[in-house]
Amino acid sequence: MSIVYLNGTFLPMQQATISPMDRGFLFGDGIYEVIPSYGGKFVGFKAHIERLKSGLAELMIREPEIDWYAMLSSLVAQNGSGDLGLYLHVSRGADERRFHAYSDPTKVSPTVYAFTFQIGSEPIADPAKTKRYRCGMTEDKRWRRCHIKSTALLGNVMHFQEGQSAGLDEMILYNAQGQVTEASACNVFMVKQGVVYTAPLDDQLLPGITRALVINILAKYSDIEVREEFFDKSELLAADEVWITSSSKEIVPVIEVAGQKIGHGEPGAIWCRAQKLFSDHKYEY
Ligand code: PLP
């Protein structure tokens, strides 16, 4: 049985309950993180907690006094320490009435909820065994605060579902100017003539931890150039390689976008080097 953490207590998932007045439930007023843990070792732990803290600060939610590492390590151990994703969620908490303005932080405490889920075995840099994605492409219809990892994910959910309904793995998103920003639940990279490109950080995309790790690891351990520059959807379709990244997937080669083959329609050579370096160095962060 899955053990979860809720507001200071570890308990079986079936026994975890929250108030229907919780602002996370009513407004999606909260933020979350997904942190991978393989055999009890976290990937990018510090960066995930830093992003959590910056989201809380931006939303003016008081940071709960919790030793995140101790709590999450204990949760992983209580769930068997296998290949797990950790979902960590902090909402503004349960108020007495439904009123849009932020609650008084001296009266309302944040709700903290964490659980684990099976994440699959660690991705490997093997073109024969890796997942390979087929993606659609559509204009981003979400809000302009995509840098906040908000639990209010309906815009993302609707884009993701568009892909699922069409039998696709992900939807790559572009803005009104046709620039590729990210995907509904991942960041996007493309490779052109040996150079790796990904959109620069702004309010149109999430500052993905995997994205940051890929950039840092390639800069430190390879001579592969990475440019944080916008590229448009026609450049993406003409790319030699396209990748999407996220904590639970690491780096996944995309072999088709909007019905068009990318490169040779196979995981590329630079993807293979990048995923190998990622696997070798991800625990350093
Ligand atoms: N972009 C969006 C919209 C996401 O939802 C996610 C992950 O959930 C990402 C990018 C990738 O972020 P990370 O690498 O931190 O998992």
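The values are calculated or read from the model by the stated rules, or taken from the named source; none is laboratory data. Quick caveat, the model's predicted, so the values are computed rather than measured. Quick reminder, even Gly has a Cβ in these numbers, built from the backbone with ideal geometry, and neighbours come from all protein chains shown. These accessible areas exclude ligands, DNA and RNA; they are computed on the full protein's heavy atoms, side chains included. Shrake-Rupley method; radii C 1.70, N 1.55, O 1.52, S 1.80 Å.
Odds and ends about this structure:
- Sequence-separation-based contact order of the chain, relative, with Cα cut under 8 Å and 6+ spacing, percent: 19 percent
- Around the amide H of Val4, modelled in the peptide plane, lie the amide H atoms of Leu11, Met13, all under 5 Å away and 5 or more residues distant in sequence or on another chain.
- Counting only alpha carbon atoms, the long axis of helix 68-78 and the longest principal axis of the chain meet at about 90°.
- C-alpha long axis of helix 269-281 to longest principal axis of the chain, angle in °: 40 degrees
- Only Cα pairs under 8 Å and 6+ residues apart enter the sum, and on that basis the relative contact order of segment 3-118 stands at 37 percent.
- Largest accessible area first, the residues Met1, Met158, Met21, Met71 order themselves as Met1, Met158, Met21, Met71 under a 1.4 Å probe with ligands, DNA and RNA left out.
- Amide H contacts of Met137 (H built 1.01 Å from N, in plane; Pro and chain starts excluded): Ile172, Ala258 sit under 5 Å, all sequence-distant by 5 or more or on other chains.
- Karplus-derived 3J(HN,Hα), 6.51/-1.76/1.60, for each residue of segment 213-219, Hz, glycine and proline x: 5, 4, 4, 5, 5, 5, 5
- C-alpha long axis of helix 154-165 to longest principal axis of the chain, angle in °: 50 degrees
- For segment 185-201, the Karplus equation 6.51 cos²θ - 1.76 cosθ + 1.60, evaluated at θ = phi - 60°, returns couplings of 9, 8, 8, 10, 10, 9, 10, 9, 6, x, 9, 9, 10, 8, 4, x, 6 Hz by residue, with Gly and Pro reported as x.
- The largest accessible area among His264, His89, His100 belongs to the first residue in His264, His100, His89, and the rest follow in falling order (1.4 Å probe, all chains).
- Here Lys107 is the anchor, and the lysines within straight C-alpha reach of less than 24 Å, apart from those fewer than 8 places off in the same chain, are Lys53.
- In range of the label at Gln161: residues from segment 18-60 whose backbone nitrogen is under 15 Å from the point 7 Å along Cα→Cβ: none
- Looking at segment 3-118, the accessible area is 50 square angstrom per residue; that uses a 1.4 Å probe and ignores ligands, DNA and RNA.
- The trypsin sites (Lys or Arg not before Pro) of segment 69-136 that DSSP puts in a loop, and whose beta carbon has at most 14 other beta carbons within 10 Å, are Arg97, Arg98, Lys107, Lys129, Lys131.
- Scalar couplings 3J(HN,Hα) for segment 220-229, obtained by applying the Karplus form with A = 6.51, B = -1.76, C = 1.60 to θ = phi - 60°, are 7, 10, 8, 9, 6, 7, 10, 10, 8, 9 Hz; x denotes Gly and Pro.
- Estimated [θ] at 222 nm from DSSP helical runs (n ≥ 4, -39500 (n - 2.57)) normalised by residues in the chain, nearest 500: -7500 deg cm²/dmol
- Peptide packing for 183-189, 11-17, 59-65 was compared via the average number of neighbouring C-beta atoms within 10 Å per residue; ordered from the highest value, the list is 183-189, 59-65, 11-17.
- In segment 93-166, the chymotrypsin sites (Phe, Trp or Tyr not before Pro) that fall in loop regions by DSSP, at most 13 other Cβ within 10 Å: Phe99, Trp143
- Among the lysines of segment 133-284, pairs at least eight places apart or on separate chains and with Cα atoms under 14 Å apart come to 6.
- Sparsely packed GluC sites (Glu not before Pro) within segment 213-266, loop by DSSP, other Cβ within 10 Å at most 13: Glu225, Glu229
- Between segment 219-285 and segment 1-37, the alpha-carbon center distance in angstrom: 33 Å
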